[in-house]
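Accompanying notes for the structure given below.
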Amino acid sequence: MDRVVILDGYTDEPAGLGVPPYLDVYPRYVAGAAWSVDKSIDVRYFTIDQVRGDWAGFVKIANETRVLIVIAGIVTPGKYLGGEPIRLEEIERIANMITKPIKILGGPVARFGYGSAGSAIAIPRSRFQRYYDLVVTGDADLVVYELLRNSYQSSKVSPALTHVDYGLINKFAVLGARVVTQHPNYGKNLIIELETYKSCPRYITGGCSFCATVRYGPVKYREAEAIVEEVEALYSLGLGTSGLVGRPTSTLTWPMTRVSWNSQGLIQRLLRSYSLVLGTWRPNWRPCTSTMLIQALFIIGLRRVLKLRRY
Ligand code: SF4
């Protein structure tokens, strides 16, 4: 049985937090991409903190795999209580120690470089090209998907592959949901980030000067049905009112006007799934002050709708 190992070196962007107890979308989408090609693939998920606790064990498992994907990227560096993001030397050390599989580097570090501290110039991604077979400047899940579809021939896959819409992502998100059960915080305090659109509405003005989120391009919205299906998949795994939260620039600013008000069943499912999210939403500090204000207005509006419609 083929195996894919995902090493989560943690991500932190204005659009999503992936440092425990948070889990961002990247590992879930990659797992879903692998399982969508072959549902029997043995997908193993590790956090960098787990690897630090047993380097030898991890190297043994990773060297028996077909693909190793390291996900990392701290765009907005902060202080973290739940884990320590992967260090620069660890990104390189892992690639040196693990020789057998196809090695992929994905996440913001591969797109924008390695950010070590606020205001510091990022170390360019070109530095990692000698350590990894593919340094993904596009979408890591799509690159893994094409790699597996091309019988693991990395020369046939462009690291710049990027989703043009949410078609495949929606599939990956639902299929990849079950990888959350491998997270060390699963069953405790795991908090899942949901994506409801890409980039930031401030793209049209160039975005905030310190932020890389607008470099994802024009905003692309996700359909309501797809959001509901992902929430339901996660909820069925036991992640409910204590474990779901929205990516801060997206979930609570996703435009409700995109839902036809004739779709009563869908609206009920959407609002119920959103109420799961809102049930635990708390205003964590992020640099998106303008987005936070929009979120606050959105919550007030949504709560009025919920009350008026008695959901
Ligand atoms: S509001 Fe500013 S900081 Fe927040 S995601 Fe948009 S551009 Fe980035």
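The values are calculated or read from the model by the stated rules, or taken from the named source; none is laboratory data. It should be emphasised that the depicted structure is a prediction, and the values quoted were computed from it without experimental measurement. Virtual Cβ from ideal backbone geometry, glycine too; neighbours counted across all protein chains shown.
If the condition is being over 18 Å from V5 (Cβ atoms) and aliphatic (A, V, I, L, M), then region 106-156 contributes A117, A120, I121, A122, I123, L142. The set of residues from region 55-75 being assigned to a helix (DSSP H, G or I) and either in contact with a Pro (Cβ under 7 Å, 6 or more places away or on another chain) or among the basic types (K, R) (or both) comprises K60, A62. Residue selection: E89 fails the criterion of being surrounded by fewer than 14 Cβ atoms within 10 Å (Cβ to Cβ) and in contact (Cβ under 8 Å) with a residue 40 or more places away in the chain. Answer yes if at least one residue in region 197-211 is assigned to a strand (DSSP E or B), crowded, with 20+ Cβ neighbours inside 10 Å and modelled with pLDDT of 85 or more, and no otherwise. Yes. May I ask you to list the residues in region 178-193 that are farther than 26 Å from G115 by Cα and either over 15 Å from the mean Cα position of the chain (by Cα) or within 9 Å of the ligand (Cβ to nearest atom) (or both)? Passing the criteria: T181, Q182, Y186, G187, K188, N189. Of everything in region 194-213 that is under 27 Å from G83 (Cβ atoms), in contact with a helix residue (DSSP H, G or I) (Cβ under 6 Å, 6 or more places away or on another chain) and not small (G, A, S), the residue that is farthest from the ligand (Cβ to nearest atom) is L194.
In the set S151, S158, S119, only one residue is surrounded by fewer than 21 Cβ atoms within 10 Å (Cβ to Cβ), in contact (Cβ under 8 Å) with a residue 60 or more places away in the chain and not in a helix (DSSP H, G or I); that residue is S119.
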